[in-house]
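Have a look at the structure below, then the notes.
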Amino acid sequence: MLDNQSGSSRRRFLQGTGVAAVSAGLAGCSGNGGQSTETTSAAPTTTADQTPTERQNTDITEGGIFNFGMGTAPKGINVLATSSAYSGVITDQIYEAGTTIDPVNFGVHPNVFTDWDFTELDETGDNDQPNVRIQFNVRTDGLTWNDGTEFTVDDVVWSYNYLLEQMPGGFTASLSPIKSVSTSDSADWDAKMILNKPIGTYDSTQLALPILPKHKWEGVSDFKTYEPYKNGGPVGLGPGVVTRYEPDTAIEISYADRSGEYNLSELSWREEIPGLITGGPFVDAIRIRVYSSTSALTQAFFEGQIDSMYSGIRTSRIQDVKDAQGKMLIDGFDTGYGHYSFNLRKTPLDDATFRQILGFAFDDIYWTERLQRGYAQEGDFVMPPGYKAVRPETGSDQQLLSGPSTQAFHFRQSSPGVPDVAGIRKFLTEGKVINGSQGTFVGQEYPGSLTGVEGSQGETKHQYTFGSVQSTVLKESDQNPDKEIRVNGKTITEINGGPMTMYVYPAKDSPQTAKMVENYIGALQSIGIPINRQVMSFNTMLTKVYAEEDFDIFPMGWVNLSPFATNTLYSLFHSDNADDHSVAESEGAKKNTGTLLNNPMGYGLFDDASADELISEAQTTMDTQQRNQVARRAVERIYLDFPTMVTSYDVTKWPVNSADWKGFIGNIPGPGSTYLGTQFLQVNQK
Amino acid sequence: MATEQSDSGQDGRSIRRRWEPRIERLRRGWDRYTEHKIGVVGLIILIIYALWSIAPGVFAPHSPDWVAYLGEPPIKSRLTGEQIRSLPHPPAFGDPFFAPFGTNSLGNGVLTLVIYSAQNAMYIGLAAGMLSSLVGVPLGLISGFYGDTWIDEAIQRFVDIMYGLPFLPFLIVLVAIRGITTTNIIIGIAVTSWLNNCITVRGETLSLKERSYVESAKVAGASDTRIIFRHIMPNVLPISFVFLAQDAAGAVIAQASLAYLGLADFTANSWGLMLENIKSTGYVFKAWWWLIPPGIALMLMAASFYFIGFSMEDVTNPQR
Amino acid sequence: MTRISGKYLAKRIVVSYLTLLVIMSLLFVLLRSMPGSFITSMISSGMTAEQIERIRETWGLNEPLWKQYVQFMINYQTGNFGRSPTYNAQVWDLIVRRMPRTLVLFGSTFIIGFIIGPLVGMYLGWWRGSTKDKSIFSTSLLLYSMPSFWISWLFIWVINYELDWLPSAYMFTQFPEFEWTAFTVMRDVLYHIALPVMSLTFIGWVGSMLIMRPTMNQVTDEGYVFLARAKGLSERTVMVKHAARNALIPVATGAVVSLAFLIDGSVIIENVFNWPGMGQIIVSAVLNRDFPVAQAVFFMLALLIVVMRLLTDVVYTYLDPRIKFGEGE
């Protein structure tokens, strides 16, 4: 509830992803963003344990009702107006888009559109970049709206133009580069779309917008207040029909009502993807029960009232699922990462040397093993291990997640759990920076960067020394540090008019984060850094961090990042998405705009901490291989510049009733959340 | 100097003369109080809690930073995977460690945390109780003394308004505005709980001011302030102590409710937070040794305040 | 009996109405002094400044605060509660859907509590000072000291989790297999409401008992009780027919205070038992800065309390011959 705040929200800030700490997902870099990665790459098998993935099944019994549980009520089923992940569980069964991404290889496949192509035009659009024309064909034979109405090319063109006219917030990032969509004059193509700049990932973004029925939405002047269920809907091209909708308690999506009509699951590309089953859905209906607390939800699963639940099960009950008869866990991996981020506008956080020691002081083992009980992997890059194609290890001979080049900022300890204070202080006073060159840093060998990229900052910016303890925070600290840090001769308290603060929100959804912050602050204080914590509600923190950029360090997380990296990197780490306090200041205008931008760190605003060029290059590269290569360099640049410390990736365990059901696909990102729609298409009676 | 001394000497005598009957009254009150077993029980419980608050280290088997298997800080080793999986650990007496009420999921001793949390509850209870008396009693006195004037009317309308705001949701708004710290929680509770106090004191004052001695003080030309504080207040104080005790009990429970809703200051040890933690880690129905003790501790603290309050009500209420 | 003059009644109604207006104003100010805004959850990256402006405009956030305030007050006079940004629905629809559920839970607890409480209070007040009184009284104070969510957990643990006798969530079976008739629905609701009502009344009845006990004790000294006894009526008849009747008046007034107590209880209980009522959304609305919903729920609760106070005041004035507010006005 207080949560469950907004609970989890698929494309937005989100708190608590069940198993993990706090995460936030955001618009613009969500799930369906980007083009295909190497389609030949092996299925990702990063997350230990055996895979329960099943091969194509010949013995499928149709029928039955699959009961599903959610811990938060959906916020409406108006696909344009809601961004709730829980609404997505329902709308994903109703609406279809032109293209779709498979969860195994992240290939972009035909869906409502049968084929598509692009040409760069001579005219130029934004920033003198060439316009791009995309042409595509629409699958009209045999496809109908779920209310029985015939589906035509006209619907698609109308739908895109309606979106362009209404510009719903959740789709803005995909819509804004589109200049126009119209029926094509060419005999080979049904329709065409003009983009005002090249976008490498157009097929998974611009072509993957939901297609709305003209006969229902025509005349809806304000999409926000439209309530589909009250108007005989929602109507879409998907496999389901909403037959019961009481958002607080019970929702039913019927597939039986549509039997024989839905053919998008029979497309031949599905047969080539290991684990995918063709021809679904097989069950008669999905019944969704909404619970207000995780305890109630978990309990309902063990009592057999529900066959599965959204996202995953809390770590404290994982062992119980393993022990239970007829229940099993589907392995999956994270679609994002947990992090602590730093405000690069503040001294000494503007210096890579200082930021990097913040990584040395973070006890990764305490966090992943003790607090997360081993259900989290130690973090390094801003792309989770499942998105292999854009991880810097690809193309090198180092091991995923454990290669020495991914361990540059691993916890430096003198004895188990105790930070190596002397070593870390020496790193500071000697003014070192790990910028991609090989070397030994605080007692640990670093072989050099994986992609050959260098950090933006070659040497330290400030002079660090240690003197007597002056700040009250340190004097009162239980750690009793013997020395306090001086930056260019002054204490941090003197420079900023107070000690550094680390934000943290109440323990409700994440007692682990609260505990970790306590441990982390203790470690930093023992080094001699004056820092304390400030408790605030999640909502207050969002405003403080994302609107006002008034913070030093804050812990949060992202989910549902794009497997193609570029959109994510752009919205999280490009200076276009950072509030530039300095520029506005010189104009005499408001220093800080108060808009919510996803790069509160201010990474990219400063020459000595930026990956702007690499990110922009990746975005406009149309060739997949080339683009991924640039993206990998950008990812490693961000790692070395350290504006954000990636602490962990969740190990997702999605519980299902395996006594009565089979057909689940495992070892994919977000098996019970991002790709839940895929599971619903596959599940069948045992 | 000399005159002052003699003055004080006289004062001393007059004070004694003035105070003797009061001490006598107090002694009689105490005798009457001890007739109530629950009052005595409440007092004993409260004294135990007070001792826990003052010197938790004496009573608790460990420090709050103690970790199962590893012992007291400074801790220079880590738990093994197997050890972590055994947490929360049911009560253990020496093998593999000593934790009579078991441990929580992080390995801290439950009994230790229960004892260390007494301080927080005691502080919140007493501070919120006193604060709400400090607001409620003077306002009630003024309202009652100036009964049926615009002052009374204004205060009563204000009370009406506050009554219209449901306590817990309103408290959530207050805490959300001011931030989640123990101090703000106390202020929030006080702001929302002085109403009954005010109304009862007003009623009491209304009847007291009709008494003959107040009338005669008025005739003798005593100022309003003097009448209120010298003649009326001493007589409403006992009843306001009853409310103080009840408000204190209410505050302890309110704090726990806030914690349940996720609005607890987790930098402090508190019973509410322990219960909140068991919920958010998902062990509510799995670790009874962690669920029951904080609840019992909370209940006994609130009950001890009620016990004392209701026994005092009997003492102050001369009926029977 | 005092006749209540129309003038008195009119005055009381006007005062209640004004009280409500002030409460609304206070809420408007308080809710907006909370840091953060619901707009946070509606803005996403990649939105242009224009679009953000448009969202702000849609929700009327660009108007100066006083204009927003005036608009808000006018809207509420006409029953327009606005739209909820987080639920993306008319607030009025939300209230209409949830209010009855809260009233069912609330009403049954209220009734049961007000049967048990005064009965026990009557008994204890009559036999005040006896061993029975002392032990029952101290036990009930212990109950009164329990945090409601904790006792609910214990109930759920034993009755639902271990014994599996009663369900621990919802108001209905969500996907019923049985035929939908008035009888089956009633039975289903009763089955689901049992545990939450049990948890809430377990603590809630003590409130009215605490009022009944001392007043009952007072009336034992009244003349008519002696008279009744002197007539040779049985102790039981005297207690129930003569004493208790008169002691009930303050209990009725005290009901308003317990009402507020029950609201707090239902906020917690609705959350524990997944009861999709008003208490459940008020907390999340405040925390998500969903001002339209928070305002509306606060308003409904305030309305409930103010109306109840008005009613009890009037009834009390009407019943109690000693009070003469109505005259001389």
Mind listing, in residue-number order, the residues in the range B:170-192 that have at least 30 Å² less accessible area with every protein chain present than in their own chain alone (1.4 Å probe)?
-> B:170, B:172, B:173, B:176, B:177, B:180
Among B:156, B:83, B:246, residue whose mean-square fluctuation peaks in a GNM of chain B (springs only between Cα atoms under 10 Å) = B:83
Could you check the simple spin-label distance between residue B:44 and residue C:134, using points 7 Å along Cα→Cβ, in nm with one decimal?
-> 1.3
So what is the relative contact order of the range C:98-287, in percent, for Cα pairs below 8 Å that sit 6 or more residues apart?
-> 36
Dipole of the range C:98-287, Cα-centred, from +1 at each Lys and Arg C-beta and -1 at each Asp and Glu C-beta, to the nearest 20 debye?
-> 820
Beyond 24 Å between alpha-carbons counts as too far, so tell me which of A:346/A:461; A:75/A:224; A:346/B:76; C:132/C:241; A:483/B:76 fall in that bin.
-> A:346/B:76
If you place +1 on the Cβ of every Lys and Arg and -1 on the Cβ of every Asp and Glu, how big does the dipole about the Cα centre of the protein assembly as shown come out, in debye to the nearest 20?
-> 6580
Estimated dipole of the range A:527-686 in Debye, rounded to 20 [Cβ of Lys and Arg +1, of Asp and Glu -1, Cα centre] = 1020
Chain C, accessible surface, carbon-and-sulfur percent (1.4 angstrom probe) | 66
Peptides ranked, highest mean first, by Cβ atoms within 10 Å: ranges C:259-272, C:159-172 = C:259-272, C:159-172
How big is the accessible area of residue B:16 in square angstrom, nearest 10, if you roll a 1.4 angstrom probe over the protein chains?
-> 150
Amide H within-cut-off set for residue A:114, under 5 Å, with H built and near neighbours excluded = A:137, A:138, A:139
Cβ neighbours within 10 Å from other chains - mean over B:274-283 | 6
May I ask which residue of B:246, B:214, B:256 lies farthest towards the positive end of the charge dipole of the range B:200-291, with charges of +1 (Lys, Arg) and -1 (Asp, Glu) on Cβ and the Cα centre as origin?
-> B:214
Would you look at the GNM of chain B, springs on alpha carbons closer than 10 Å, and say which of B:193, B:117, B:280 moves the most?
-> B:280
When the charge dipole of the range A:97-150 is computed with +1 on Lys and Arg Cβ and -1 on Asp and Glu Cβ about the Cα centre, the Cα farthest towards its positive end, among A:100, A:134, A:116, belongs to A:100
May I ask you to list the lysines whose Cα is less than 23 Å away from that of residue B:209, ignoring any residue fewer than eight positions away on the same chain?
-> B:218, C:324
Any residue on another chain or 5+ positions along whose placed amide H is under 5 Å from the amide H of residue A:647 is listed here as A:338, A:339, A:340
From phi via Karplus (6.51, -1.76, 1.60), per-residue ³J(HN,Hα) for the range B:281-291 in Hz, x at Gly/Pro = 8, x, 10, 3, 9, 10, 9, 4, 5, 9, 7
What residue among B:169, B:90, B:64 has the largest mean-square fluctuation in a Gaussian network model of chain B, using Cα springs under 10 Å?
-> B:169
Ignoring ligands, DNA and RNA, what percent of the accessible area of chain A is carbon or sulfur (1.4 Å)?
-> 43
Could you grab the relative contact order for chain A? Cα pairs under 8 Å, six or more apart, rounded to a whole percent.
-> 22
For n ≥ 4 DSSP H runs only, could you compute -39500 (n - 2.57) per run for chain A, divide by its residues and tell me the 222 nm figure to the nearest 500?
-> -5500 deg cm²/dmol
Mind checking which lysines have their C-alpha under 23 Å from residue A:192, skipping anything on the same chain fewer than 8 residues away?
-> A:179, A:214
Check the straight Cα-Cα distances from residue A:322 and name the aspartates and glutamates below 20 Å, setting aside those fewer than 8 residues away within the same chain.
-> A:49, A:54, A:303, A:307, A:331, A:369, A:650, A:660, B:82
Report, as an integer, the average count of C-beta atoms from other chains found within 10 Å of each Cβ along C:272-283.
-> 5
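At a 1.4 Å probe radius, which order do C:130, A:414, C:208 fall into by accessible area, largest first?
Ranked from most to least accessible, the order is A:414, C:130, C:208.
Can you give the accessible area buried between chains C and B, summed over both chains, with a 1.4 Å probe, in Å² to the nearest 100?
4500
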Computed from the beta carbon distance with a Förster radius of 41 Å, FRET efficiency for residue A:415 and residue C:112 to the nearest 0.05 stands at 0.10
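Can you tell me how much longer the chain between residue C:78 and residue C:14 gets when fully stretched, taken as 0.36 nm per residue apart minus their C-alpha distance, in nm with one decimal?
21.3 nm
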Derived scalar couplings ³J(HN,Hα) [the range B:181-189; Karplus, 6.51 cos²θ - 1.76 cosθ + 1.60; whole Hz; x for Gly, Pro] | 10, 4, 4, 5, 5, 4, 4, x, 5
Using only atoms on other chains, find how many Cβ atoms lie within 10 Å of each Cβ of peptide C:165-177 and report the average.
-> 4
Dividing the helical contributions, -39500 (n - 2.57) per DSSP H run of n ≥ 4, by the residues of chain C yields a 222 nm value, nearest 500 deg cm²/dmol, of -23000 deg cm²/dmol
Gain in span if fully extended, residue A:246 to residue A:117, counting 0.36 nm per residue against the direct Cα distance = 42.2 nm
Hey, if you put +1 on the Cβ of every Lys and Arg and -1 on every Asp and Glu Cβ in the range C:98-287, which of C:251, C:237, C:210 ends up farthest toward the positive end of that dipole?
-> C:237
Using a basic spin-label model with each label point 7 Å from the Cα along Cα→Cβ, how many nm lie between residue C:104 and residue A:482?
-> 7.0
Chains A and C: how much accessible area gets covered up at their contact, both sides added, probe 1.4 Å, in Å² to the nearest hundred?
-> 3800
Calculated diffusion of the protein assembly as shown, Stokes-Einstein form, Kirkwood radius summed over Cα pairs, 25 °C and 0.890 mPa s, µm²/s = 72
Specify the inter-centroid distance of the range C:216-289 and the range B:119-166, based on alpha-carbon positions, in whole Å.
-> 23
The range A:465-547: antiparallel bridges as % of DSSP beta bridges, rounded to 5, reads 45
Using a Förster distance of 60 Å, how high is the FRET efficiency between residue B:229 and residue C:165, based on the Cβ-Cβ distance and rounded to 0.05?
-> 0.55
Derived scalar couplings ³J(HN,Hα) [the range C:267-274; Karplus, 6.51 cos²θ - 1.76 cosθ + 1.60; whole Hz; x for Gly, Pro] = 4, 5, 4, 4, 6, 5, 9, 6
Roughly how many Å² is the accessible area per residue of chain A, as a whole number, for a 1.4 Å probe?
-> 32
Given a 1.4 Å probe, the accessible area of the range C:98-287 per residue, as a whole number of Å², is 40
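The values are calculated or read from the model by the stated rules, or taken from the named source; none is laboratory data. Just so it is clear, the structure is predicted and the values come from calculations on it, not from any experiment. FYI the Cβ positions are ideal-geometry reconstructions off the backbone, even for glycines, and counts take in every protein chain you see. Just so you know, the surface numbers come from the protein's heavy atoms only, side chains and all, with ligands and any DNA or RNA stripped out. Shrake-Rupley method; radii C 1.70, N 1.55, O 1.52, S 1.80 Å.
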